[in-house]
Structures are given as C-alpha cells and as structure tokens.
Amino acid sequence: MPNEPFADGRADGAEVAVQRNLTVIGTLGALGAAARHDWIDLETAFDRLRKTTFRSPRRLMNSMLEEDRRRKQSQGRKRSSEET
C-alpha cells in the first residue's frame, strides 16, 4: 500500500520502507497518529515513555501535547453543538 506509515526504530527498516514507497514515521509520529484516532491518550503514553530510556526533545513532546489538547477541545465543542 503506497504511502502507508511505517514505524521502525532501525535504520535498515526505514530504508526498506522507503524502497517500498512507505512513509517512515518515528515513535512520536506513531503515537500522535494513534491519539488523533482516539486510540490512545497521548499524555498517558508520553508519561509512560518518559519512564523508559526513550529520549526526545521535550519541546516537541510539549508541542504535540498542546496540539492534542486543542484537538480534544475542538471535538468537545463539535459534540456539544451536535447535541443541542
């Protein structure tokens, strides 16, 4: 399937994905996509991730959390207007 996301922490995995015309995303990208589908709570996932050896720029994670909060607020407003 062209342009389907592929997450793999290994460089050789990313190389294979590119050869197969897949979009390569990292751990944070995969978590962000899952949160946008409401499959996970991003804040909980990041809290758990911080307890491991995983390292990522704090500013990036904070930015993603802020975007997730805005998305949830927007969805809440849409649901409220649909109920009235």
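The values are calculated or read from the model by the stated rules, or taken from the named source; none is laboratory data. All figures in this text were calculated on a predicted structure; none of them were measured in a lab. As a convention, Cβ positions derive from the backbone with ideal geometry for all residues, glycine included, and neighbour counts pool all protein chains shown.
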**OP:** Go through region 41-74 residue by residue and tally those that are over 16 Å from Gly26 (Cα atoms), touching a helix residue (DSSP H, G or I) at 6+ places or on another chain (Cβ under 8 Å) and not in a helix (DSSP H, G or I).
**Re:** 1
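For every residue, the table says whether it meets (1) at pLDDT 90 or above; (2) surrounded by 10 or more Cβ atoms within 10 Å (Cβ to Cβ); (3) not small (Gly, Ala, Ser).
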{"residue": "Ile25", "(1), (2), (3)": "no, yes, yes"}
{"residue": "Ala30", "(1), (2), (3)": "yes, yes, no"}
{"residue": "Ala33", "(1), (2), (3)": "yes, yes, no"}
{"residue": "His37", "(1), (2), (3)": "yes, no, yes"}
{"residue": "Asp41", "(1), (2), (3)": "yes, yes, yes"}
{"residue": "Ala45", "(1), (2), (3)": "yes, yes, no"}
{"residue": "Thr52", "(1), (2), (3)": "yes, no, yes"}
{"residue": "Pro57", "(1), (2), (3)": "yes, no, yes"}
**OP:** For Gly32, state whether it is farther than 16 Å from Leu65 by Cβ and within 12 Å of the chain's Cα centre (by Cα).
**Re:** no
**OP:** Give just the number: which of (1) of a type in the set (D, E, K, R); (2) without any contact (Cβ under 8 Å) to a residue 24 or more places away in the chain; (3) over 27 Å from Asp12 (Cβ atoms) does Arg55 not satisfy?
**Re:** (3)
